[in-house]
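**Q** Here it is, the structure, as structure tokens.
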Amino acid sequence: MTLYFIFTLFFTMTVCFALFRYFGQLILASALKLDDGRGYYLICMLLVTFFSSALAYYVGGLLGYDQDPSQQSHLVAVILLNAVVTLLALTYGLTHFKEGERY
């Protein structure tokens, strides 16, 4: 269960960080306006929240954590923690995006 927990959190954090870097680079390069980049980032984080939670539930079901009543609470905790991690990444990203300078 611990490896499953660590793997799902690592996967979610990696996707969130990659999207933060991607949109941050687009905004700094002035390929996207700051408001548009924040909006796209918001939509991507909502999709990541949904798909990472769904993937965590699916993989937990494959590993049999949904069948054992003592493990079900841990499975729910992992799913909710994935959602919390992506929402924290969303908050961090929306407050730390900076617009590129134009000369």
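**Q** Contact list please: Cβ distance under 7 Å, first residue in the stretch 13-28 and of a type outside the set (Phe, Trp, Tyr), second residue surrounded by fewer than 19 Cβ atoms within 10 Å (Cβ to Cβ) and outside any helix (DSSP H, G or I), pairs at least six apart or on different chains.
**A** Between residues of the stretch 13-28 that are of a type outside the set (Phe, Trp, Tyr) and residues that are surrounded by fewer than 19 Cβ atoms within 10 Å (Cβ to Cβ) and outside any helix (DSSP H, G or I), the close pairs are Ile27/Glu99; Ile27/Gly100; Leu28/Gly100.
**Q** I need a count of the residues in the stretch 40-71 that are in contact (Cβ under 8 Å) with a residue 60 or more places away in the chain and of a type in the set (S, T, N, Q). Steps first, please.
**A** First, the residues of the stretch 40-71 that are in contact (Cβ under 8 Å) with a residue 60 or more places away in the chain: 65, 71.
Pick out the ones that are also of a type in the set (S, T, N, Q) and you get 71.
So the answer is 1.
**Q** May I pose another question? What are the residues in the stretch 14-38 that are at pLDDT below 95, assigned to a helix (DSSP H, G or I) and either small (Gly, Ala, Ser) or more than 25 Å from Gly100 (Cα to Cα) (or both), if any?
**A** Gly24, Gly37
**Q** So which of Ile43, Ile27, Ile6 is exposed (fewer than 13 other Cβ atoms within 10 Å of the Cβ), under 18 Å from Leu90 (Cβ atoms) and not polar (S, T, N, Q)? Don't jump to the end; show me each part of the working.
**A** Numbers: Ile27 fails: exposed (fewer than 13 other Cβ atoms within 10 Å of the Cβ); Ile6 fails: under 18 Å from Leu90 (Cβ atoms).
Exactly one residue qualifies, and that residue is Ile43.
The values are calculated or read from the model by the stated rules, or taken from the named source; none is laboratory data. Bear in mind the structure is a predicted one, so any value in this text is a computation, not a measurement. Glycine also receives a Cβ, built like all others from the backbone with ideal geometry; neighbour counts cover every protein chain displayed.
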